[in-house]
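K.L.:
I'd like to ask some things about the structure below.
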Amino acid sequence: MKAADLLANDGVKIRVIDLYSLKPIDTKTLAAAANATAGKIVVAEDHWPEGGIGEAVLSALVAAGITGLRWAHLAVRDMPTSGKPAELLHAAGIDADCIAKAVRDLL
């Protein structure tokens, strides 16, 4: 939500979808968002990308027939080290600033 606030302060309108459940995944909401944003999707998750939310979102959108996706998948890709939570989120590229940058890069 902090990334959404950062973007809103810059006049960038986005939508945030809380996928509280992967099974069943809310394909209808995801497809509506993809259609409303010309296929621009950013997924941020605080764990490994393999078998995670990003893969589930992409699979659901493809199964729904959504084409022309432009998306960014932010996830933990390297072995985390020790540090404060904010430092670890930034190092993984999933803090608010990194999420906001990923959105801006798709605009």
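Here, each number is a calculation from the coordinates, and none is a lab measurement. Values in this document were obtained by computation on a predicted structure and should not be read as measured data. Please note: Cβ atoms are built from the backbone with ideal geometry, for glycine as well, and neighbour counts cover all protein chains shown.
K.L.:
May I ask you to sort 2, 13 by Cβ crowding, counting other Cβ atoms within 10 Å and putting the fewest first? Mind dumping the intermediate values first?
P.N.:
Numbers: 2 11, 13 8.
Final ranking by Cβ density, sparse to dense: 13, 2.
K.L.:
Give me, ordered by chain and number, the residues 5 or more places off residue 42 or on other chains with an amide H under 5 Å from its own placed amide H.
P.N.:
Amide H to amide H, under 5 Å and 5 or more residues apart or across chains, residue 42 pairs with 72.
K.L.:
Where in region 23-107 are there GluC sites (Glu not before Pro) that are in a DSSP coil and have at most 15 other Cβ atoms within 10 angstrom of their Cβ? Could the numbers behind the result be given before it?
P.N.:
Working: sites: 45, 50, 55, 87; in loops: 45, 50.
Here the sparse-neighbourhood loop sites are 50.
K.L.:
Straight-line reach only, C-alpha to C-alpha below 19 angstrom: list the lysines that residue 101 could link to, leaving out same-chain residues fewer than 8 apart.
P.N.:
Here the lysines satisfying the reach criterion relative to residue 101 are 2, 13, 40.
K.L.:
Can I ask one more? With springs connecting C-alpha atoms under 10 Å apart, model the chain as a Gaussian network and identify which of 16, 76, 43 has the largest mean-square fluctuation.
P.N.:
So, out of 16, 76, 43, the one fluctuating most is 16.
K.L.:
Once you put a point 7 Å from the Cα of residue 32 and another 7 Å from the Cα of residue 88, both along the Cβ direction, what distance in nm separates them?
P.N.:
3.5
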